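Presented below is the structure to which this report refers.
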Amino acid sequence: MELTNLNIDELLVKKFAKDESFSAGIRYKIENGKIYFFVVTYRGQNWFAQLKFPGGKSEDGGTPFEKGETPLETLGHEWMEETGRRIKKAKYVHYKILKDGHTQFFFLVEEDEEIGSPTKKDVDTELPRWELATEALQNLYGQHKIACIKLIDKLLVEDKKFCNVAYMSNLINVLKKMKTKYRREHLYSPRPRV
């Protein structure tokens with residue numbers, strides 16, 4: 001079955017094979033009149049540092065009879081590995097099916113609990129940290145940035161406290177500039193001459 005024919009409810013219960021999908025959690029906090037996102041720095045190819053939300057690729061099921069994982073199952077074990085925390089409540093935010101068929105999912109982690117230290121000790125990923133939202137938004141890469149923009153837009157409508165703090169902390173201005181730049185670069189860029 002082609003993924004593009006599935007709606008989001010069908011995608012969220014689909015079992016993806018190992019490395020077929022990616023799930024990441026977005027967690028934020030409001031503290032001292034500022035908004036922070038929980039992020040990790042990932043060193044990709046050529047060791048360029050990239051900011052992302054904690055997450056990772058789908059794995060095989062827990063037994064030889066299980067085929068893959070749902071996006072939420074992937075999020076659960078990847079969040080645990082990268083943060084040392086167990087997710088108690090998460091809500092879907094965004095997904096993207098890439099050209100190679102790989103599917104990326106992003107969830108708002110509304111509640112989690114600390115149960116230990118991160119168990120994933122990759123040389124390419126640093127320990128998670130709280131990053132000021134105005135800085136994180138500018139430095140996230142790829143679909144992480146798109147998911148963050150979509151979440152902020154949603155929270156501006158649904159969460160009065162988030163909205164007030166976003167205006168007071170300059171996050172709204174950063175978001176507006178980013179959207180303008182994105183539209184200019186991606187929607188209004190001149191076509192190459194043939």
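The values are calculated or read from the model by the stated rules, or taken from the named source; none is laboratory data. Keep in mind that this is a model prediction, so the values were computed, not measured. With ideal geometry, Cβ positions are generated from the backbone for all residues, glycine too; neighbour counts draw on all protein chains shown. With ligands, DNA and RNA removed, areas are computed over all heavy atoms of the protein, side chains included. Shrake-Rupley method; radii C 1.70, N 1.55, O 1.52, S 1.80 Å.
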**Subset tally (residues that are under 15 Å from the mean Cα position of the chain (by Cα) and either modelled with pLDDT under 85 or open to solvent by less than 30 Å² (accessible area, probe 1.4 Å) (or both)) for the range 13-33** = 6
**Prompt:** Is the range 58-73 home to any residue that is open to solvent by 10 Å² or more (accessible area, probe 1.4 Å), of a type in the set (D, E, K, R) and at pLDDT 90 or above?
**Reply:** yes
**Prompt:** Assuming Cys163 fulfils every condition listed in (1) in contact with a Lys or Arg (Cβ under 7 Å, 6 or more places away or on another chain); (2) over 14 Å from Ile26 (Cβ atoms); (3) at pLDDT 80 or above; (4) open to solvent by less than 60 Å² (accessible area, probe 1.4 Å) apart from one, which condition is it?
**Reply:** (1)
**Item:** Condition broken by Trp79, with the remaining ones in (1) at pLDDT below 85; (2) within 15 Å of Ile26 (Cα to Cα); (3) not polar (S, T, N, Q) satisfied
**Value:** (1)
**Message:** Anything in the range 135-160 that is charged (D, E, K, R) and either at pLDDT below 90 or open to solvent by 80 Å² or more (accessible area, probe 1.4 Å) (or both)? List them, or say none.
**Reply:** Glu135, Lys150, Lys154, Glu158, Lys160
**Request:** Would you mention how many residues in the range 82-111 are in contact with a helix residue (DSSP H, G or I) (Cβ under 8 Å, 6 or more places away or on another chain) and open to solvent by less than 20 Å² (accessible area, probe 1.4 Å)?
**Result:** 7
**Lone unmet requirement of (1) assigned to a helix (DSSP H, G or I); (2) open to solvent by 40 Å² or more (accessible area, probe 1.4 Å); (3) modelled with pLDDT of 90 or more for Lys181** = (3)
**Prompt:** So which of Trp130, Trp79 ends up being open to solvent by 30 Å² or more (accessible area, probe 1.4 Å) and under 17 Å from Phe38 (Cβ atoms)?
**Reply:** Trp130
**Which numbered condition Thr119 fails, given (1) touching an Asp or Glu at 6+ places or on another chain (Cβ under 8 Å); (2) polar (S, T, N, Q); (3) modelled with pLDDT of 90 or more** = (3)
